[in-house]
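Q: Below are the structure tokens for one structure; questions will follow.
Every number in this text was worked out from the coordinates using simple rules, so none of it is lab data. The shown structure was predicted, so the numbers you read here are calculated from the model rather than taken from an experiment. Here the Cβ positions follow ideal geometry from the backbone for every residue, glycine too, while neighbour counts run over all protein chains shown.
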Amino acid sequence: MSKNSWKVIFICVGILCLISFNAAYAQKKVGGGDIKYTPKGADVVTFSHDSHVTTAKLKCTECHSKIFPMKKKGVTMSKEDHAKEVLCGICHNGKKAFAQTVEADCAKCHKK
Ligand code: HEC
Ligand code: HEC
Ligand code: HEC
């Protein structure tokens, strides 16, 4: 084989490595990954892209950008907002997903 064919082979192998590395990385992190909120006066809330996109099968466009920006800005929701159809409450209203107003369900989002 000529020197040039070896060069081509090396470049191809390099590209394949990059592609598989990217695929492995993409599998680990769905969308924006896990996003942690630490409200004062309530336990930590972790929003999981994996459970919303992979498990609940929601499309990116169902949240981005009409409900949330595609950038962590911080979701601030007062206790009163929990009962309104805003932010998480657009779905977490007891119809599309578990509610934010049922005592037994608080711990599904707020974890110690
Ligand atoms: C159920 C709603 C929902 C769905 C569906 C969703 N996201 Fe998100 N995404 C969020 C929330 C909430 C945030 C954080 C917003 C904030 O804190 O201001 C976020 C943030 C992000 C961020 C920024 C992360 C960071 O650390 O800055 C990216 C990137 C992102 N999402 C990509 C995606 C992609 C790609 C998809 C589809 C595969 C997707 N999201 C689907 C709710 C969603
Ligand atoms: C576009 C609709 C939608 C929005 C907006 C949304 N969710 Fe969900 N969420 C769902 C659905 C559907 C499920 C799965 C069904 C169920 O458990 O009732 C779910 C499940 C969950 C779960 C249980 C699975 C897990 O990851 O532990 C948590 C916690 C959760 N959501 C938190 C949040 C938080 C926090 C927000 C706001 C930052 C939010 N969700 C916004 C639709 C949504
Ligand atoms: C679907 C997820 C979800 C459920 C269910 C939920 N919360 Fe929250 N809660 C949040 C998010 C997101 C925030 C905002 C986090 C932040 O501001 O950093 C929050 C914030 C709070 C705060 C702080 C408010 C403030 O003014 O700073 C309190 C108190 C609270 N929740 C209580 C509750 C109680 C009590 C329940 C059950 C009746 C509940 N939450 C159920 C997601 C949820």
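Q: Around VAL45, what is the net charge, scoring Lys/Arg as +1 and Asp/Glu as -1 over all other residues with Cβ under 11 Å from its Cβ?
A: Every neighbour counted, the sum reads +1.
Q: May I pose another question? Kindly write out, for segment 92-98 in residue order, the coupling ³J(HN,Hα) from the Karplus curve 6.51 cos²θ - 1.76 cosθ + 1.60 (θ = phi - 60°), rounded to whole Hz, with x marking Gly and Pro.
A: Couplings: 7, 10, x, 10, 6, 8, 3 Hz.
Q: Another one. Amide H to amide H, which residues 5 or more places from GLY94 or on other chains are under 5 Å from it, using H placed in the peptide plane?
A: Amide H to amide H, under 5 Å and 5 or more residues apart or across chains, GLY94 pairs with ALA99, GLN100.
Q: Go through segment 41-50 residue by residue and turn each phi into a ³J(HN,Hα) via Karplus (6.51, -1.76, 1.60, θ = phi - 60°); whole Hz please, and just put x for glycine and proline.
A: Rounded to whole hertz, the list is x, 7, 6, 4, 10, 10, 8, 9, 5, 4.
Q: Say the cut-off is 22 Å between C-alpha atoms; which of LYS40/LYS79; LYS57/LYS79; LYS7/LYS29; LYS59/LYS112; LYS79/LYS108 go over it?
A: Result: LYS57/LYS79; LYS7/LYS29; LYS59/LYS112 exceed 22 Å.
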